[in-house]
1. Can you work out the FRET efficiency for the pair Lys76 and Asp150, with r the C-beta to C-beta distance and R0 = 25 Å, to the nearest 0.05?
2. Rounded to the nearest 0.05, what FRET efficiency do Glu162 and Glu53 have when you use their Cβ-Cβ distance and R0 = 22 Å?
3. For the stretch 113-159, state which chymotrypsin sites (Phe, Trp or Tyr not before Pro) are in a DSSP loop and have at most 14 other beta carbons lying within 10 Å of their beta carbon.
4. Pop out the ³J(HN,Hα) list for the stretch 164-169 in order, Karplus 6.51 cos²θ - 1.76 cosθ + 1.60 with θ = phi - 60°, rounded to Hz; leave Gly and Pro as x.
5. Which whole-Hz couplings ³J(HN,Hα) result when phi for each residue of the stretch 94-109 is put into the Karplus expression 6.51 cos²θ - 1.76 cosθ + 1.60, θ = phi - 60°, listed in order with x for Gly and Pro?
6. Taking R0 as 22 Å, what FRET efficiency do you get between Ala133 and Glu42 from their Cβ-Cβ distance, rounded to the nearest 0.05?
Amino acid sequence: MKKKTSLLVAAVIVLVIVVLAFAAYFMLARKESGPKAVPLDELSADGEYQFGELAWGASLEDVKKALPYELTEGMKWEADGEYVEYNADTSFELGDHSATTAFEFHEGGLSMVKFSFHLGEDYEEWLAEQVQALTSLYGQETDKMENSSDGFASKGYRWDAEDTSLQIILMTGDKIKPSGTIVVGVK
């Protein structure tokens, strides 16, 4: 009787260890280590701007299923409906600068993907390199913007399709550190 009980306990322990090992393996496999490159060449398909294979208007559940990393809820706000931002738990990089990534949902559907970069002293060079790369991929920008006031400056470029757009924006100023944003979304 003691031998059967000991064997049963040992079998349960082995089973628990195997289940935990598989769970750990799949969790680690889902999260790839290290930053991912911002896929500039995957921001357009079928004549519209998008992020990879994600469809605009897709639900949070569908977006989570399609991504190889996790999303955590960030900011919520109301303006012409409910907006919720979800942040990726992995970092991206472009031109030796890392980025945080946010997926914005409007009224429950994916409406924007945003890469936000903290830049150093080389911010003008970084912007020029990214604009050159985007121009070589998507043609001449539709619009160029430059604004400055009260020690704050912004510079941006936008490429428009019928229903979507791609933008790159640089912000600098006396009291802020240089930052860059690449945004792809529904107009």
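1. 0.30
2. Step by step, r from the Cβ atoms, then E = 0.70.
3. Those that pass, being in a loop and sparsely packed, number zero.
4. Rounded to whole hertz, the list is 9, 8, 10, 9, 10, 10.
5. For the stretch 94-109, the Karplus-derived couplings read 7, x, 6, 10, 8, 9, 8, 10, 10, 10, 9, 10, 10, 6, x, x Hz, x marking Gly and Pro.
6. So, using R0 = 22 Å, E works out to roughly 0.95.
No value in this document is a laboratory result; all are computed from the given coordinates. Bear in mind the structure is a predicted one, so any value in this text is a computation, not a measurement. Glycine also receives a Cβ, built like all others from the backbone with ideal geometry; neighbour counts cover every protein chain displayed.
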